[in-house]
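Working notes, beginning with the structure itself.
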Amino acid sequence: MVGVVKPPQLSAHLTRNSFILLLTLNTLNATVLYGFLPSLTTYSLLPYGQKAFFYSGALNPIFYASACLLVAWWPLLSRIRTIIGSLFGSLLCILIMIIAWHSPCPWLADTIHGAVIMVAVWCMATLVIAYVRITIGNRIKTEWPHKNGMFYFGASNQLGILLGTIPIYILVNIFGLFVERQPCQAYCLA
């Protein structure tokens, strides 16, 4: 057939080590996407203006849904592509965390270029990590021979969220490492 993309040829069953690797990557992805980043949204986007914050909030759900649609064409990834996707998504999230740490005056603050870059980074991080997470779930569902695979997939999501929210809560609320930017105030004038 013309135009049909075939998924990569993968083994019929996952080994125990591959299963543990996939769950570890899923935990890492859930840690950064659902644990760290929601708490850092205002710190990383408000230095670029209210519009950047608005556009990121409006576009992120669209990019998450796009990741779900992308799975219709490429439902499975090889192990190396899963690892590369997880690392790339994590690097994007590390960039977001560095920008949030430099708030209220990060690089390219109060510029259109900075706003476009940050919105694009947020959307790409959401797209890449969501796509990798969904393909990990597909792979576990189709190739793990035991019935408890999706249970452990969900448990690794919850573990990742826990591992992300507790440290970021401590950094934001107890140590005050991140400084929020108030709207309608002048920053970065030096």
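What follows is calculated from the coordinates using simple rules that are stated; it is not laboratory data. These numbers were taken from a predicted model, which means no experiment stands behind them. Here the Cβ positions follow ideal geometry from the backbone for every residue, glycine too, while neighbour counts run over all protein chains shown.
Most fluctuating residue of V172, V32, V128 in a GNM of the chain with Cα springs under 10 Å: which is it? Taking springs between Cα atoms under 10 Å, the residue moving most is V172. Can you compute the FRET efficiency between F54 and H13 using 1/(1 + (r/R0)^6), with r the Cβ-Cβ distance and R0 = 45 Å? Round to the nearest 0.05. Taking R0 as 45 Å, the efficiency between F54 and H13 is 0.45.
Quote to one decimal, in nm, the extra length available between N138 and V172 on full extension: 0.36 nm per residue of separation minus the C-alpha distance between them. Present the calculation step by step, with values, prior to reporting the outcome.
Working: separation 34, 0.36 × 34 = 12.24 nm, distance 3.48 nm.
Gain on extension, N138 to V172, equals 8.8 nm.
Relative contact order of the chain, taken over Cα pairs closer than 8 Å and 6 or more residues apart, is 41 percent. Spit out the partnerless Cys residues in the chain, using Cβ distances under 4.7 Å as the pairing rule. Cysteines lacking a close Cβ partner in the chain: C68, C93, C123, C184.
Out of I96, I129, I140, whose Cα points farthest toward the positive end of the dipole of segment 29-174 (charges: +1 Lys, Arg; -1 Asp, Glu; placed on Cβ)? Ranked along the dipole, the leading option is I140.
Placing a label point 7 Å from the Cα of M124 along the Cα-to-Cβ line, the residues of segment 81-103 whose backbone N sits under 20 Å from it are 81-102.
A simple charge model with +1 on the Cβ of Lys and Arg, -1 on the Cβ of Asp and Glu and nothing else charged puts the dipole of segment 29-174 at about 420 debye relative to its Cα centre.
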